[in-house]
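The values are calculated or read from the model by the stated rules, or taken from the named source; none is laboratory data. Because the structure is predicted, anything quoted here is derived from the model rather than measured. Here the Cβ positions follow ideal geometry from the backbone for every residue, glycine too, while neighbour counts run over all protein chains shown.
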Amino acid sequence: MATVVFFHAHPDDEAILTGGTMASLADAGHRVCLVVATRGELGEAKPDVLSEGEQLGMRRVMETFDSAAVLGVTRVEFLGYVDSGMAETDGNAHPYSFWQTSVESAAHRLAAILREEQADVLVVYDAHGGYGHPDHIQVHRVGHRAGELAGTPLVYEATMNRDEIVRAMTEHADELPEDQRKQLEAGVEPEFGSPEHVITHRVDVSAVLDRKRAAMRVHRSQIAEDDFFLQLDNAAFGAAFGTEWYILPGMVRDEASPFVSSLVEAGRSL
Ligand SMILES: [Zn+2]
């Protein structure tokens, strides 16, 4: 059995991006740990969620513990950096923000957890953090360095499949806002995720979709109960969230060959 550590930037990233993989690994008897860099205190709270004077970051910590319980996560750790906010906002310059911290010092803190856990697998983000959020880019940098320091055998990058997003957008082109439709027609690639040819792993999480949805639902400060995605029927929710994508750097997947379907089968048994 393997120990798999997921390193995320903010509360709710774990549920949306890798929640199905976490639940599937836990179901299979692997030890699943979650490390979150920040408390996501610069997120925008949905109306009427926080009580008078309640701090968003504290609420999001509690939501993360609830989400972890739903997903079968055994250990949750927060590194406690300050949320840096979206790209090019004032939060990026905050001296205690995750974006401003030294990669080396943050990596040592994550590496200490990896060593303690004797982690077999670490999951971080792709080089632009999926969509360019500074904290997500920092997860990529810090995560890889921590994996190196701790000698973690397998370090994956969670991502989204850009080609699949383009295919879905093309299929629903009529429903897109005009600027997005024009970009699509002009062949401008969206900046989300990674191109399919660099993706090596495709994890089908349809068997644990209920728990992925339940984990998203407990992040109430960010995802309202009447949220468009939470309201989708199972088929539509599965189309949007039923597959999770990963890159194993250094692994070359010949485009004709299938994706690997599990993070603990990378040509070596754990
Ligand atoms: Zn995030």
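Observations
- Wholly within the stretch 152-270, strands (runs of 3 or more DSSP E) carrying at least 2 residues that are β-branched (Val, Ile, Thr): 154-159, 243-247
- Just one of the numbered conditions (1) of a type in the set (Val, Ile, Thr); (2) free of Cβ contacts under 8 Å to residues at least 40 places away in the same chain; (3) in contact with a strand residue (DSSP E or B) (Cβ under 7 Å, 6 or more places away or on another chain) is not true of Val121: (2).
- Of Met160, Met216, Met169, all but one fail to be surrounded by 15 or more Cβ atoms within 10 Å (Cβ to Cβ) and under 30 Å from Glu54 (Cβ atoms); the exception is Met216.
- Of the residues making up the stretch 5-13, one or more are in contact with a Cys (Cβ under 9 Å, 6 or more places away or on another chain), within 30 Å of Asp120 (Cβ to Cβ) and buried (at least 20 other Cβ atoms within 10 Å of the Cβ).
Rundown of residues vs (1) touching a helix residue (DSSP H, G or I) at 6+ places or on another chain (Cβ under 8 Å); (2) of a type outside the set (Ser, Thr, Tyr), yes/no style:
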residue	(1), (2)
Leu154	no, yes
Arg167	no, yes
Asp179	no, yes
Leu184	yes, yes
Glu189	yes, yes
Thr200	no, no
Val205	yes, yes
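- Hey, Ala28 crowded, with 21+ Cβ neighbours inside 10 Å, more than 11 Å from Val73 (Cβ to Cβ) and among the hydrophobic types (A, V, I, L, M, F, W, C) or not: no
- Scanning the stretch 1-50 for residues that are among the charged types (D, E, K, R) and either within 10 Å of the chain's Cα centre (by Cα) or away from the ligand (no atom under 13 Å from the Cβ) (or both) yields Asp12, Asp13, Glu14, Asp27, Arg31, Lys46, Asp48.
- Any hit, the stretch 168-191, residues being within 22 Å of the chain's Cα centre (by Cα) and β-branched (Val, Ile, Thr): no
To keep it simple, each residue is scored yes or no on (1) touching a residue at least 12 places away in the same chain (Cβ under 8 Å); (2) surrounded by fewer than 21 Cβ atoms within 10 Å (Cβ to Cβ); (3) in contact with a strand residue (DSSP E or B) (Cβ under 9 Å, 6 or more places away or on another chain).
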position	(1), (2), (3)
Gly72	yes, yes, yes
Val82	yes, no, yes
Met86	yes, yes, no
Asp90	no, yes, no
Tyr131	yes, yes, no
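- Residue in the stretch 106-113 that is modelled with pLDDT under 95 and more than 26 Å from Ala26 (Cα to Cα) present: no
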